Amino acid sequence: MPVKILADSGSDLPLQFYKENDIKLFPLKVLLKDQEYEDLIKIEPKTIFDSIRNGELPKTSQVSPLDFEKTFTEMAQNKEEGVYIAFSSQLSGTYQTAVMMRDQVKESYPEFKLEIIDTKCASLGQGLVVREALNVAKTGATLEEVAKRAEWIASHMEHLFTVPDLDYLAKGGRVSKASAFLGGLLNINPLLNVEDGKLVPLEKIRGRKKVLRRMIEVMRERGVDFDKQTVGISHADDLNTATEMKTMIQDELHAREVIITEIGAVIGSHTGPETIAIFFLNEKPQ
């Protein structure tokens, strides 16, 4: 029996991808106008972005412990082994909850084998780890081999992103209010990245076109062997800009493959619309 891959909606992969590849999806939750929705399953990202534009402030919550317990128990009973590729523990309590529920299930099923990877990644950065884990699992690799590969990819995944307004990240506690205030001045477009699973502002750049150009420059500085890797782009209701970035990456960095996905409702609740994010490896793909 092949190693089962599990992931949460923090990975910003399309629902169809989960269905086609038999990946277990754990949806995070979005609360909008006193109604709770399952990310990716019960709400479209555009609904969130439109509501933010209209002044609403959605709230989010992690995967339900009961969701984990039910799935893990079923896997244990069926003697399935799995690797769960989790959203960064620095941005959500989902990873910690999953570990707690796995350990609880193991009390009843001591032989249950489930590796839980704290990717320290978000959005399609996490999604690229999921894709790689799936590819390795399909080769018939062992649980340990799949987990080791996922950990390597996660540890070398770069995240670069820009948001037109830092206020959303500040309100959700993802960046400081001081950073948000500075970002709102003088048409400043912040360039951020992820360090050890946390969002960290890198540079403040005036003008949208300049920050997008700078993202390509930073990719060139940090990335290696683009012709041997898949680059990810995720966007918050801004497919046109994502497509422009894809063309630039293909023309200038000659990436082997560039995939585009939409930022989901949960992450989009914190970034707001028009966010653009790019994900790539900073170490030679093995």
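The values are calculated or read from the model by the stated rules, or taken from the named source; none is laboratory data. Remember, it's a predicted structure, so these values are computed and weren't measured experimentally. Positions of Cβ are backbone-derived with ideal geometry, glycine not excepted, and every protein chain shown enters the neighbour counts. Accessible surface is based on the protein model in full, side chains and every heavy atom, while ligands, DNA and RNA are left aside. Shrake-Rupley method; radii C 1.70, N 1.55, O 1.52, S 1.80 Å.
General observations
- Label-point separation, Arg220 to Trp152 (7 Å along Cα→Cβ), nm: 2.9
- Pairs spanning more than 23 Å between alpha-carbon atoms, out of Lys19/Lys70; Lys29/Lys70; Lys42/Lys209; Lys29/Lys246; Lys42/Lys198; Lys46/Lys120: Lys42/Lys209; Lys29/Lys246; Lys42/Lys198; Lys46/Lys120.
- Selected from Thr275, Thr162, Thr241 as most flexible by GNM, with the chain as the system and alpha-carbon contacts under 10 Å: Thr241
- Listed residues Lys42, Lys29, Lys228, Lys24 arranged by accessible area, highest first, probe 1.4 Å: Lys42, Lys228, Lys24, Lys29
- Two-site label geometry, Glu111 and Thr142: point separation in nm, points 7 Å out along Cα→Cβ: 1.8
- Inter-label distance, Asn240 to Leu31: 3.6 nm, where each label sits 7 Å from its Cα along the C-beta direction.
- DSSP-defined antiparallel bridges as percent of all bridges, segment 228-286, nearest 5: 40
- Segment Thr73-Arg206, length gained on full extension (0.36 nm per residue, minus Cα span): 42.7 nm
- Highest-MSF residue in the chain out of Gly264, Gly125, Gly55 [GNM, Cα springs under 10 Å]: Gly55
- Taking the DSSP beta bridges with both ends in the chain, the antiparallel portion is around 60 percent.
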